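Every number here is computed from the coordinates shown, using simple stated rules; none is lab data. Because the structure is a prediction, the values reported are computed rather than measured. As a convention, Cβ positions derive from the backbone with ideal geometry for all residues, glycine included, and neighbour counts pool all protein chains shown.
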Amino acid sequence: MSTEPSSPSDHGDAPSRPPSGRRTAVVTGASSGIGAATARVLAAAGYHVVLGARRVERCQAIAAEIDGTALALDVTDQESVDAFVAAAGPVSVLVNNAGGAKGLAPLAEADLNDWRWMWETNVLGTVRMTKALLPALVASGDGLVVTVTSTAALETYDNGSGYTSAKHAQAVAHRTLRGELLGQPVRFTEICPGLVETDFSRVRFKGDEERAAAVYAGLTPLTAEDVAEVIGFVATRPAHVDLDQVVIRPREQASSMRVHRS
């Protein structure tokens, strides 16, 4: 549920080799929100983290804080993905977090440009990154792919067909890999968050702060750190343990259409 696909401007810091004994984890959409929080959690768990995002200067600040590496990344651009993967080096963990929503219109009024952005970022962006890093993940002997989808990958809601359809497609691509790579030393976990207060709604509503704030009014939403801690738990399980899917919602949210507000 990160909001950024990132763009291929300069490639940020030259990658530093991880200290001896540390495995490398890649986090996409890492300049803010769930991605940034996940980078910090994985670093605390002992990983050398390679942060990828369009806003590479933000990643550089986080990388300096956690002794990681920041690289520019646009998951919608194959050349950017290829350059990122070449610079990242051997990788054991991939967290597909780049994604987001745009608009909240009924299908009859759909903005197809918003749909293209959501499908390119959530679906094809995840496919590009996973396809590019699978050889390294398998070669690591204990690879892990974590894909942050959404509860929108499990259900539908009115006016959300662009986002829910993209998240369903992203989730199906991820889940299919579980069977296709069965027997290989790589695990697959899907994280399905509900309402998380990040920049997600600001991006969806194109900077409308009032409309974005209303999404979380009257309840206590999840934080980026709540989701990141779950990802950290997944990434620190023994190699034989695969947490196929984790659904995490605020206590006041039963589904996309059922929320208790005080």
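What is the helix-to-structure angle for 56-66, meaning the angle in degrees between its Cα long axis and the longest Cα principal axis of the chain, kept from 0 to 90 and rounded to the nearest 10?
Computed tilt is about 60 degrees.
Modelling each spin label as a point 7 Å along the Cα-to-Cβ direction, I'd like the Glu210/Glu180 distance in nm, to one decimal.
Reported label-point gap for Glu210 and Glu180 is 4.6 nm.
Answer rounded, prolate or oblate for region 45-179, using the Cα gyration tensor with square roots of eigenvalues a ≥ b ≥ c: rounded when a/c is under 1.5, else prolate when a/b is larger than b/c, else oblate.
Note, shape of region 45-179 comes out prolate.
Hey, can you rank 115-128, 197-210, 43-56 by average C-beta count inside 10 Å, highest first?
Most protected by this proxy first, the peptides run 43-56, 115-128, 197-210.
What angle, in degrees between 0 and 90 and rounded to the nearest 10, separates the Cα long axis of helix 125-139 from the longest principal axis of the Cα atoms of the chain?
Relative to the chain, helix 125-139 is tipped by roughly 30 degrees.
Based on the mean of other beta carbon atoms within 10 Å per residue, what is the order of 140-148, 99-107, 30-38, most packed first?
For the peptides 140-148, 99-107, 30-38, the packing ranking is 30-38, 140-148, 99-107.
I need the phi-derived Karplus couplings for region 228-242: 6.51 cos²θ - 1.76 cosθ + 1.60, θ = phi - 60°, integer Hz, Gly and Pro marked x.
4, 5, 5, 4, x, 4, 4, 6, 10, 7, x, 4, 8, 9, 10
Only bridges with both residues in the chain count here: give the DSSP antiparallel percent, nearest 5.
About 5 percent, rounded to the nearest 5.
For the chain, what relative contact order do you get, as a whole percent, if you take Cα pairs closer than 8 Å and at least 6 residues apart?
Normalised by residue count, the contact order of the chain is 20 percent.
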